Amino acid sequence: MLRRIDGIETSLQTQKRFVRVKGMLEEHLPYSQACENNKHPILKVLRRYICSQENLLEIAGGTGQHGEFFAQKFPNLYWQTSDLPKAVADLNLRITAANLRNLPLALPLDVNDSNWGMSNYELLFTANSLHIMSEKSVERFFAGIPGVIKKQGLVFIYGPFKYEGKYTTESNAQFDDWLKTRDPKSGIRDFENINTLAANAGLSLVVDESMPANNQILIFSRSE
Ligand SMILES: C[S@@+](CC[C@H](N)C(=O)[O-])C[C@H]1O[C@@H](n2cnc3c(N)ncnc32)[C@H](O)[C@@H]1O
């Protein structure tokens, strides 16, 4: 009896220690406040479109916070995240710590690669990436989509956009200036241009919804 109680106490202590160590590790993982702020509003939109689909490819997974959060919220969805080869090790810190059945290790993927080396995804998601990539990379991003997404598949793109050359807010104009100072090839993209690139890739716009903090979520469906 005593041994059994000892055993229970030891196992509780081990669990507590595990939770403490996990917490310490999490404090040191790559982190983006923007992800924390936008994950709940994005989830609300995803819930309207993700039901029976089984797999999703994320491009430009960054810190992995979206992958971790959405994989928890959609336990039946296999969330395959990816990022540039040089960014994958950092991304995988959080993916490994999350230890979720439906969140495999991130794959190295540069949208400029001629062959993305994957196919048959039902969904594709990317957040805050098109304004970081160069215009050429954005073109390559859309050119790559038909090779990885099934027909009728959905593509979710979250981030800021311009409409008819105009910023939606003054703060987006300032953000664009800041982006260009940092990297002249980056910048907030024109919605019309994105829509044309998408159409050339056989994608039709399903939704363009305004999101908090001057962002949009664009959802495209692959028709061809
Ligand atoms: C601002 S971060 C966004 C990360 C994350 N999606 C988020 O919402 O926090 C931009 C991401 O784009 C990725 N990226 C930039 N160029 C890329 C490319 N050519 N192919 C794939 N990912 C790229 C970067 O490595 C980075 O993770």
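Just so you know, all these numbers are worked out from the coordinates, no wet-lab data involved. In this text the structure is predicted, and so the values were computed from the model without any measurement. Glycine gets a Cβ as well: all are built from the backbone with ideal geometry, and neighbour counts include every protein chain shown.
Of everything in region 84-122 that's out of contact with any strand residue (DSSP E or B) (no Cβ under 7 Å at 6 or more places or on another chain) and at positive phi, which residue is nearest to the ligand (Cβ to nearest atom)?
GLY117
If you take the residues in region 185-224 that are of a type in the set (D, E, K, R) and part of a strand (DSSP E or B), which one is nearest to SER137 (Cα to Cα)?
Pass one, region 185-224, residues of a type in the set (D, E, K, R): 185, 189-190, 192, 208-209, 222, 224.
Remaining after also requiring part of a strand (DSSP E or B): 189-190, 208-209, 222.
On the way: ARG189: 12, ASP190: 14, ASP208: 22, GLU209: 24, ARG222: 20 Å.
Step by step, filter region 185-224, then rank; the result is ARG189.
Within the group ASN38, ASN55, which residue is within 12 Å of the ligand (Cβ to nearest atom), surrounded by 14 or more Cβ atoms within 10 Å (Cβ to Cβ) and either over 24 Å from SER137 (Cβ atoms) or not basic (Lys, Arg) (or both)? Steps first, please.
On the way: ASN55 fails: within 12 Å of the ligand (Cβ to nearest atom).
Of the residues listed, the single one that is within 12 Å of the ligand (Cβ to nearest atom), surrounded by 14 or more Cβ atoms within 10 Å (Cβ to Cβ) and either over 24 Å from SER137 (Cβ atoms) or not basic (Lys, Arg) (or both) is ASN38.
Taking ASN214, is it surrounded by fewer than 19 Cβ atoms within 10 Å (Cβ to Cβ), within 22 Å of ILE149 (Cα to Cα) and without any contact (Cβ under 8 Å) to a residue 60 or more places away in the chain?
It is false that ASN214 is surrounded by fewer than 19 Cβ atoms within 10 Å (Cβ to Cβ), within 22 Å of ILE149 (Cα to Cα) and without any contact (Cβ under 8 Å) to a residue 60 or more places away in the chain.
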